[in-house]
1. Using a 10 Å cut-off on Cβ atoms, rank the peptides 42-51, 78-87 from the highest mean neighbour count down.
2. Counting only protein heavy atoms, what percent of the accessible surface of region 2-128 is carbon or sulfur at a 1.4 Å probe?
3. Using 0.36 nm per residue, how much length does the chain from ASP113 to ASP101 gain when fully extended, once their Cα-Cα distance is taken away?
4. Give me the distance in nm between label points sitting 7 Å out from Cα along the Cα-to-Cβ direction at ASP137 and LYS90, one decimal.
5. Read phi for every residue in region 85-95 and hand back ³J(HN,Hα) as whole Hz from Karplus 6.51 cos²θ - 1.76 cosθ + 1.60, θ = phi - 60°, with x for Gly and Pro.
6. Given R₀ = 45 Å, FRET efficiency for TYR8-THR176 by Cβ-Cβ distance, to 0.05?
7. Taking only protein heavy atoms into account and a 1.4 Å probe, give the accessible area per residue of region 1-155 in Å².
8. Note down the nm distance, to one decimal, between modelled labels 7 Å out along Cα→Cβ at LYS146 and at ALA30.
Amino acid sequence: MQIVNFFYELARQHKQIKGFIYGKSYEKGAANEAHPLLWLDDPIYGQSVNQTLQYTVNVDILGVPENDEDVLDVQTAAFNVGMAIAEKIKHTRAQTGYSIDGFSFVSLRDYYDNNAAGFRFTYTMVQANPVNRCGNDFDPSKQFPKVDALPDFKVENPDGCAIFSDKTGLPNFKITI
């Protein structure tokens, strides 16, 4: 997905970010991430608005403070990174096709298992609808191949039932009451 690659590039190019992950929220804090980290939440939400695609993207910018006194420093650094990303999106519109329609943010502290701190930014981004209107993506005569739901089993019993009691190697269970 192009928007994931776009945020990967933003994270890769930012001088303070040391890691990028695109994943589910419940995977955060496993202590195998490089911090400061840009975590792009899966799923990415979207909708079509006036011939454009509008994305709602949740990004956590996280660091792991060494102690309680470091939390504010980590949050401040994360906030600055999030603001810089918003500005970078604005300035790369001509090259990427993405523009920012607005964003919100919330501070994070004691976040997930590794007690990370930082900020979550929710960016609302817009892109021209990239659908190929000249393409020929549909074939009215196309047919799906016929697939049987279950394979056909040949059995010797005329009632169509398979009897496995004569098979060797199967476990023999004895139930006692």
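The values are calculated or read from the model by the stated rules, or taken from the named source; none is laboratory data. The structure displayed is predicted, hence computed values, not measured ones. Methodologically, a virtual Cβ is constructed for each residue, glycine included, from the backbone with ideal geometry; neighbour enumeration extends over all protein chains shown. Ligands, DNA and RNA are stripped out before the accessible areas are found, and what is left, the full protein with its side chains, is counted by its heavy atoms. Shrake-Rupley method; radii C 1.70, N 1.55, O 1.52, S 1.80 Å.
1. Numbers: 42-51: 11.0, 78-87: 18.0.
Highest mean packing first, the order is 78-87, 42-51.
2. Carbon with sulfur: 48 percent of the solvent-accessible area.
3. Working it through step by step, the gained length comes to 1.1 nm.
4. Reported label-point gap for ASP137 and LYS90 is 3.3 nm.
5. So the Karplus estimates, Gly and Pro as x, are 5, 4, 5, 5, 4, 4, 7, 9, 4, 4, 8 Hz.
6. Values: r = 61 Å, r/R0 = 1.37.
About 0.15, to the nearest 0.05.
7. On the way: 10250 Å² over 155 residues.
So region 1-155 comes to 66 Å² accessible per residue, rounded to a whole number.
8. About 4.5 nm, to one decimal.
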